[in-house]
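Contents: one structure, followed by commentary.
The values are calculated or read from the model by the stated rules, or taken from the named source; none is laboratory data. Being a predicted model, the structure only gives us computed values, none of them experimental. Ideal geometry is used to build each Cβ from the backbone, glycine not excepted, and the neighbour counts take in all protein chains shown. With ligands, DNA and RNA removed, areas are computed over all heavy atoms of the protein, side chains included. Shrake-Rupley method; radii C 1.70, N 1.55, O 1.52, S 1.80 Å.
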Amino acid sequence: MSPSRASTKRLAPISRAACVGGGVIGGGWIARLLLAGIDVKVFDPHPDAKRIVDEVVANAERAYGLLTAAPLPPRGRLTFCARLAEAVADAEWIQESVPERLDLKRRVLTEIDATCPADALIGSSTSGLLPSDLQAGFAHPERLFVAHPYNPVYLLPLVEIVGGKATTAATIDRARAVLDAIGMKGVVIAREIEAFVGDRLLEALWREALWLIKDDICDVETLDDVIRYSFGLRWAQMGLFQTYRIAGGEAGMRHFLAQFGPCLKWPWTRLTDVVDLDDALVEKIGSQSDEQAAGLSIRELERIRDENLVGVIKALKAGRGGEGWGAGKLLADFEQRLLASASPPAAVDLTAPLRLVETKVSPAWIDYNGHMSEHRYLQVFGDTTDGLLRLIGVDMAYAEAGASYYTVESHLRRLDEARLGEALTSTCQILSADEKRIHVFHRLFAGTSAREIATAEQILIHADRTAGRATPAPLAILERVHAIATAHARLERPFGASRIVDPVFRPLREGQGA
Ligand SMILES: NC(=O)c1ccc[n+]([C@@H]2O[C@H](COP(=O)([O-])OP(=O)(O)OC[C@H]3O[C@@H](n4cnc5c(N)ncnc54)[C@H](O)[C@@H]3O)[C@@H](O)[C@H]2O)c1
């Protein structure tokens, strides 16, 4: 018998995309699509386009390795095309990310409209141009919409979807379905307006910030500190309105509005004035920003940003008692879909312990010593147990139907440290099993030399979740357990298995250690 996982399902409703423009945002889209298993053809006349895109994709792969241990689909194929028409000829989704100039965007989009399949979706990354202005003169204007993402597109899930006068509801629905499938959050903006919602808000903040620097109220570093040590932390998890609801105390939003409403008429803002970005102000901001960067290159700053974003998203995934919250809940849902659509292993090799988890040490897993924190070992072993359970047919659907295996005992041995970014692999050997219990021995290996860094011995008990007591597992599950257990009985018993912690200590003498 060879146990198998859920049958293969395609992750996204599309398999071919084209990206026109491969700069900061185009590169991020390319990475997001490739990592969702979608083939991407790129047109960008810039002589360095391939190098830049390759660098962004490498950063994205690194970030995904830190973000999730869920099985990503095989990476899509990346092709660079010499002509726009070649890139879009067979695409199901075309994403335009050329510079923010109406004349250029219209020229490029009109060519896309004329050369791509009639039913292809066309998204524009524009930060603020109206979709009605972009789709004017199209043969098929109904399939153009704004798909406004946030940098880095491969980590930040939001896309503002904005339709123009000619865009159909079906187009918006299809766009949302594709974004949903690749782990993004498509929010539909009800009416088109310049700069949509996100950039309206950011523009207001940006205007105010420029005045504060120009008027020497603070420097750029102080201004950034004001954001990142305070409301920046709140925004990632609750946005503006829900945060202010809480700020109103028990009386909530109404009290907040009553208390701070009058301030709106006080001189608390210079929003209506536009600061003159003259040479002196540009130089002032430029030099303060150089000083703030303290020699870090853009690529280094990008990696720091990515690691921090991964940490925040993972923290949100653990939010609300493990159910997940906001962008973290979105990640948890996406991981479930990744698991459901993962290819089943061709045949499980039963002549060796099962290789069940391949992951990397994430920044959020590091303790003050620069090593992986103690509880993360248990987390990886928990994922290993989950891998075994999926293999024997105990998946989410099985648990929702009322039964599961519970871990009732764990014995963890830590043999070595794991460092940031190191590859981790875990294996599982079934030592014994009966109709209610499975006795497993997991081993964790790190780095390219696969040094053994920990083991975990666990007892799992099959339980009726409603009754809250142990019950025999059904036959179909037991058959799979039995097949693995029989094969593993032929393997050598791992060193450290059933080791009892009962060391003999020499008692401390009085005065020792003084
Ligand atoms: N940078 C951001 O934070 C951000 C965020 C959201 C949306 N956007 C929007 O994304 C779009 C692209 O911005 P960006 O920051 O990636 O700019 P960018 O300058 O980094 O990239 C633009 C790319 O387009 C290429 N290009 C120029 N003419 C082209 C043509 N005719 N055909 C194909 N490619 C062409 C350039 O070679 C360049 O690689 C803009 O509309 C911008 O408003 C940017």
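Structural remarks
- Take Met253: with every protein chain present and a 1.4 Å probe, its accessible area is about 40 Å².
- For the stretch 155-294, the fraction of 1.4 Å probe accessible surface lying on carbon and sulfur atoms is 60 percent.
- Length-normalised contact order of the chain in % [C-alpha pairs under 8 Å, at least 6 apart]: 13 percent
- Taking Cβ atoms as reference points and 14 Å as the exclusive limit, the residues near Phe241 contribute a net charge of +3, counting Lys and Arg as +1 and Asp and Glu as -1.
- Near Leu415, the amide H atoms lying under 5 Å from its own belong to Ala454, Thr455; only residues 5 or more places off or on other chains count, and H is placed 1.01 Å from N.
- For the pair the stretch 236-273 / the stretch 297-330, the C-alpha centres are spaced 27 Å from each other.
- Under 5 Å, built H, 5+ apart or other chain: amide partners of Ile366: Ser373
- The separation of the stretch 437-469 from the stretch 124-190, counted between C-alpha centres, amounts to 45 Å.
- Label-point separation in nm, Ile193 to Ala58, each point 7 Å along Cα→Cβ: 4.3 nm
- In plain terms, the bigger the Kirkwood radius, the slower the diffusion; for the chain, with that radius from Cα pairs, at 25 °C and 0.890 mPa s, Stokes-Einstein puts D at 93 µm²/s.
- Three-way shape label, the stretch 137-211, alpha-carbon gyration tensor, a/c 1.5: oblate
- Antiparallel DSSP beta bridges within the chain, percent to nearest 5: 65 percent
- In angstrom, the C-alpha Rg and Dmax of the stretch 334-460 are 15.0, 44.
- Derived scalar couplings ³J(HN,Hα) [the stretch 469-474; Karplus, 6.51 cos²θ - 1.76 cosθ + 1.60; whole Hz; x for Gly, Pro]: 9, 5, 9, x, 6, x
- From phi via Karplus (6.51, -1.76, 1.60), per-residue ³J(HN,Hα) for the stretch 102-114 in Hz, x at Gly/Pro: 4, 4, 5, 4, 5, 5, 5, 5, 5, 5, 4, 4, 7
- Distant-in-sequence amide contacts of Tyr405, defined by a placed amide H-H separation under 5 Å and a gap of 5 or more residues or a different chain, comprise Ala463.
- The magnitude of the dipole of the chain, with charges of +1 and -1 set on the Cβ of Lys/Arg and Asp/Glu and taken from the Cα centre, is near 1700 debye.
- Cβ-based net charge around Arg355, under 13 Å, with every Lys or Arg adding one and every Asp or Glu removing one: -2
- A viscosity of 0.692 mPa s and a temperature of 37 °C, combined with the Kirkwood radius over C-alpha pairs in the Stokes-Einstein formula, give the stretch 34-81 a diffusion coefficient of 281 µm²/s.
- GluC sites (Glu not before Pro) lying in DSSP loop within the stretch 161-241, provided at most 13 other Cβ fall within 10 Å: Glu194
- In the stretch 283-353 the Cα-Cα distances spread across 10 Å bins starting at 0 as 17, 23, 21, 24, 9, 4, 1 percent of all pairs.
- Only protein heavy atoms count here; on that basis, with a 1.4 Å probe, Lys317 has an accessible area of about 60 Å².
- Take every pair of alpha-carbon atoms less than 8 Å apart whose residues are at least six positions apart; their mean separation over the length of the stretch 385-468 yields a relative contact order of 35 percent.
- Spacing of the two label points (7 Å from each Cα toward its C-beta) at Leu415 and Ala204, in nm: 5.8 nm
- Cα principal axis extents for the stretch 209-345, largest first, Å: 62, 47, 21
- For the cross-link pairs Lys329/Lys360; Lys317/Lys360; Lys185/Lys314; Lys314/Lys436; Lys50/Lys165; Lys41/Lys185, the ones whose C-alpha atoms lie over 25 Å apart are Lys314/Lys436; Lys50/Lys165.
- Coordinate range along principal axes, alpha carbons of the stretch 100-228, Å, largest first: 54, 32, 23
- Tensor-based shape of the stretch 74-173 (alpha-carbon gyration tensor, a/c under 1.5 rounded, otherwise prolate or oblate): rounded
- Over 13 Å [Cα-Cα, the stretch 114-167], rounded percent: 56 percent
- Projecting the alpha carbon convex hull of the stretch 386-443 along each direction and taking the average yields 5.5 nm².
- In terms of its alpha-carbon gyration tensor, the stretch 1-113 comes out prolate; a/c meets the 1.5 threshold, and the first ratio a/b outweighs b/c.
- For the stretch 1-107: relative contact order, % (alpha-carbon pairs under 8 angstrom, 6 or more apart): 38 percent
- Kirkwood hydrodynamic radius of the stretch 400-501, Cα pairs, Å: 15.1 Å
- Dipole magnitude of the stretch 41-193 about its Cα centre (Cβ charges: Lys, Arg +1; Asp, Glu -1), debye to nearest 20: 160 debye
- Share, in percent, of DSSP beta bridges within the stretch 115-247 that are antiparallel, nearest 5: 40 percent
- Reduced Cα scattering model of the stretch 181-269, Debye log10 I(q)/I(0), q = 0.21, 0.26 Å⁻¹: -1.31, -1.27
- Over the stretch 148-296: Kirkwood hydrodynamic radius from C-alpha pairwise inverse distances, Å: 18.7 Å
- The angle between the Cα long axis of helix 374-391 and the main principal axis of the chain comes to about 80°, on a 0 to 90 degree scale.
- Net charge of the neighbourhood of Leu491, taken over other residues with C-beta under 14 Å away and scored Lys/Arg +1, Asp/Glu -1, is +2.
- Helix-only CD estimate at 222 nm, as mean residue ellipticity for the chain, using -39500 (n - 2.57) per DSSP H run (n ≥ 4): -12000 deg cm²/dmol
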